[in-house]
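Bear in mind that the values in this text are calculations on the coordinates, not laboratory data. Just so it is clear, the structure is predicted and the values come from calculations on it, not from any experiment. Note that each Cβ is placed from the backbone with ideal geometry, even for glycine, and that neighbours are counted across all protein chains shown.
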Amino acid sequence: MEVITTIQEIVEPIFKKSIEVYGKEAQSRQAMEECAELIQAINKCLRYPNKEECKNNLIEEICDVEIMLFQLKEMFGITNDAVESYKLLKAKREKERLEKL
């Protein structure tokens, strides 16, 4: 029987260990830094839409932020279900706004 391993099964234990090693405050600050880097990457992609380098950097920064979002949920005891519930609420609000346009 072949064991199928998902990316989550590989990476989640590593990033949980990062929380243990560096601590909640350091990783929370790292999350803020990664969000700032994502903002810069988005801005560069808007300024230079045809540069592949900008797109690659944007992909990397999205990855970094997604990792930090995982860690924030772990550190603050936030479930994926809780996040998905808010996403659904926000989608309903956005749908209403779009219908008014």
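Rounded to the nearest 20 Debye, what is the dipole magnitude of the chain about its Cα centre when Lys and Arg each give +1 and Asp and Glu each give -1 at the C-beta? Spell out each step's value before the answer.
Details: 16 positive and 20 negative charges, 129 e Å.
Around 620 debye, computed over the chain.
Once you list every other residue whose beta carbon is under 14 Å from the beta carbon of E12, what net charge do they have if Lys and Arg are +1 and Asp and Glu are -1?
Charge balance in the 14 Å sphere: -1.
Which of the lysines could a cross-linker span from K95 if the Cα-Cα distance has to be under 17 Å and same-chain partners fewer than 8 positions apart are dropped?
K87
Taking the Cα centre of the chain as the origin and placing charges on Cβ (Lys, Arg +1; Asp, Glu -1), which of M68, A36, L89 is farthest toward the positive end of the dipole?
Checking the options against the dipole of the chain, the answer is L89.
Hey, could you get me the Stokes-Einstein D for the chain, Kirkwood radius over alpha-carbon pairs, 25 °C and 0.890 mPa s, rounded to whole µm² s⁻¹?
On the way: Rh = 16.1 Å.
Stokes-Einstein gives a translational diffusion coefficient of 152 µm²/s.
Helix by helix, which DSSP H runs in the chain go 20 Å or more along their axis at the Cα atoms and have an average Kyte-Doolittle hydropathy of -1.0 or more? Provide the component values of the computation, followed by the final result.
On the way: long enough: 7-22 (23 Å, 0.23); 24-47 (35 Å, -0.62); 52-76 (36 Å, 0.03); 80-100 (30 Å, -1.54).
Helices meeting the criterion: 7-22, 24-47, 52-76.
Under the rule of -39500 (n - 2.57) per DSSP H run of 4 or more residues, summed and divided by the residues of the chain, what mean residue ellipticity at 222 nm is obtained, to the nearest 500 deg cm²/dmol?
So the helix-based figure for the chain works out to -29500 deg cm²/dmol.
For the chain, build the charge dipole from Cβ charges (+1 Lys, Arg; -1 Asp, Glu) around the Cα centre, then report which of G23, I7, C45 sits farthest towards its positive end.
C45
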